[in-house]
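Structure, as structure tokens:
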Amino acid sequence: MIDLRRLHVLRAIAHHGTVSGAAKALHMSTSAASQQIRLLSKDLGVPLLEPVGRGVRLSSAAQILIAHIDAIEAMWRLAEAELQATEGEPSGLLRLCGFPTAIATLLAPLVDAARKRHPALELRLREAEAAESFDLLFAGDADLALVEATPDNPPPEDIRFDAQTVFTDPFDLVVPGDHPSADAEVIDLRDLEREPWILGVPGSIHRRHVLTACSNAGFRPTVTGEAREWNVIAVMVAHHMGVALIPRLVDLPHHLDLHRIAVADPFTPFRHFQAVTLRGGSRRPAVAAVMELLDEQVRAAEGIGPLPEDLPDQQP
């Protein structure tokens with residue numbers, strides 16, 4: 001009989017890319033993780049890791065085994081979901097994670113609403129960006145994550161995860177209160193070619209969205225400021241350093257004299273957001289109950305909504 005704990009270590013190495021990374025995620029020493037893989041290799045009679053420079057990589061036998069392990073894990077979660085569905089009212093512990101804006105606008109109010117509607121359900125909430133959220137799901141430290149869909153996320157065909165697009169968040173143009181266009185309700189992005197721009201820092205998803213939108217409108221923005229935090233970008237705009245595109249879901253500092261202006265189609269940039277679980281986890285009654293509450297929170301949030309079927313893909 002194969003020790004399932006050893007399979008879990010191999011699966012973690014495949015996810016994190018290194019033995020040390022897997023060991024850290026599993027709260028064990030690197031030597032202990034290596035020992036587990038050596039014992040598993042002995043049990044199976046095939047090599048599972050191959051040396052590459054100073055590191056290792058999965059052997060072809062290990063890659064075959066990983067696909068079976070992922071499928072077994074998914075089937076087990078489906079079985080758990082069916083068993084839990086016989087218990088009636090959603091109950092137990094459900095751990096959520098998400099990016100800061102989603103927590104402030106959607107997830108924190110969701111937790112409050114869940115306490116009233118499902119008193120037997122205990123929710124815990126943790127701030128995490130997309131990469132960390134997938135790691136938390138994989139390690140079993142989160143049950144449901146709300147993440148932005150990006151090219152860096154695991155692909156849709158990854159059998160470890162279920163990802164459902166739940167809403168889109170359009171970007172608005174943000175200008176200081178005395179800007180010539182401040183009173184406009186809608187603006188054509190092509191009219192902003194000569195404006196100075198505040199962008200996210202190089203490598204950020206925000207910067208990708210803005211550069212893609214401006215490129216689609218036929219120009220490359222003149223960058224006069226860069227920042228990581230939305231509040232910092234808003235302060236720069238308020239002090240006339242430039243204009244910015246900021247997602248509608250972001251709550252801007254109320255003490256700043258700023259105006260939001262909708263960007264006219266077809267150059268409206270937007271973010272896609274997904275609710276992600278491990279494969280099979282979305283069938284759990286507790287997850288289904290939280291997804292229902294999330295849909296209500298999305299509908300209540302002004303200006304955002306479920307993903308239209310015919311929405312063009314603007315990911316860079």
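For segment 166-225, the pair-distance distribution built from all alpha carbon pairs, in bins 5 Å wide starting at 0, is 4, 15, 26, 27, 19, 7, 2, 0 percent.
Estimated from helical segments only, the mean residue ellipticity of the chain at 222 nm is -12000 deg cm²/dmol, where each DSSP H run of four or more residues counts as -39500 (n - 2.57). For segment 165-292, the share of accessible area belonging to carbon and sulfur comes to 47 percent (1.4 Å probe, ligands and nucleic acids excluded).
Axis angle, to the nearest 10 degrees, between helix 130-139 and the longest C-alpha principal axis of the chain: 20 degrees. Over segment 165-316, what relative contact order in percent results from Cα pairs under 8 Å that are six or more residues apart? Rounded, it is 40 percent for segment 165-316.
Rolling a 1.4 Å probe over the protein heavy atoms of segment 1-104, with every protein chain left in place, gives an accessible area that is 60 percent carbon and sulfur.
Grouping the Cα pair distances of segment 105-178 into 10 Å bins from zero gives a pair-distance distribution of 14, 39, 30, 13, 4, 0 percent in increasing distance order.
Extension gain for Asp43 to Glu80 (0.36 nm times residue separation, less C-alpha to C-alpha distance): 10.5 nm. For the chain, averaging the sequence separation of C-alpha pairs within contact (under 8 Å, six or more residues apart) and dividing by the residue count gives a relative contact order of 22 percent. Here the 3J(HN,Hα) profile of segment 149-159, calculated from phi with Karplus coefficients 6.51, -1.76 and 1.60 at θ = phi - 60°, is 6, 9, x, 7, 6, x, x, x, 7, 5, 6 Hz, Gly and Pro shown as x. Enclosing the Cα atoms of the chain in their convex hull gives a volume equal to 164 cubic angstrom per residue. Could you give the Stokes-Einstein D for segment 53-144 in µm² per second, using the C-alpha Kirkwood radius, 4 °C, 1.567 mPa s? Answer from the Stokes-Einstein relation: 82 µm²/s. Computed with a 1.4 Å probe over protein heavy atoms only, the accessible surface of the chain comes to 52 Å² per residue.
Shape verdict for segment 10-57, please, from the Cα gyration tensor: rounded (a/c under 1.5), prolate (a/b greater than b/c) or oblate. Taking the square roots of the gyration eigenvalues as a ≥ b ≥ c, segment 10-57 is oblate.
Remark on Ala128: its backbone amide H falls under 5 Å from those of Gly98, Phe99, a criterion applied only to residues 5 or more positions apart or on other chains, H modelled at 1.01 Å from N.
Taking the convex hull of the alpha carbon positions in segment 214-283 and averaging its projected area over all directions gives 7.4 nm². Looking at segment 11-101, the GluC sites (Glu not before Pro) that sit in a DSSP loop and have at most 16 other Cβ atoms within 10 Å of their own Cβ are Glu87.
The values are calculated or read from the model by the stated rules, or taken from the named source; none is laboratory data. Everything numeric here is computed off the predicted structure, so don't read it as measured data. No Cβ is skipped: glycine too gets one built from the backbone with ideal geometry, and neighbour counts run over all protein chains shown. For the accessible areas, the whole protein counts, side chains as well, though only heavy atoms, and no ligand, DNA or RNA atoms are used. Shrake-Rupley method; radii C 1.70, N 1.55, O 1.52, S 1.80 Å.
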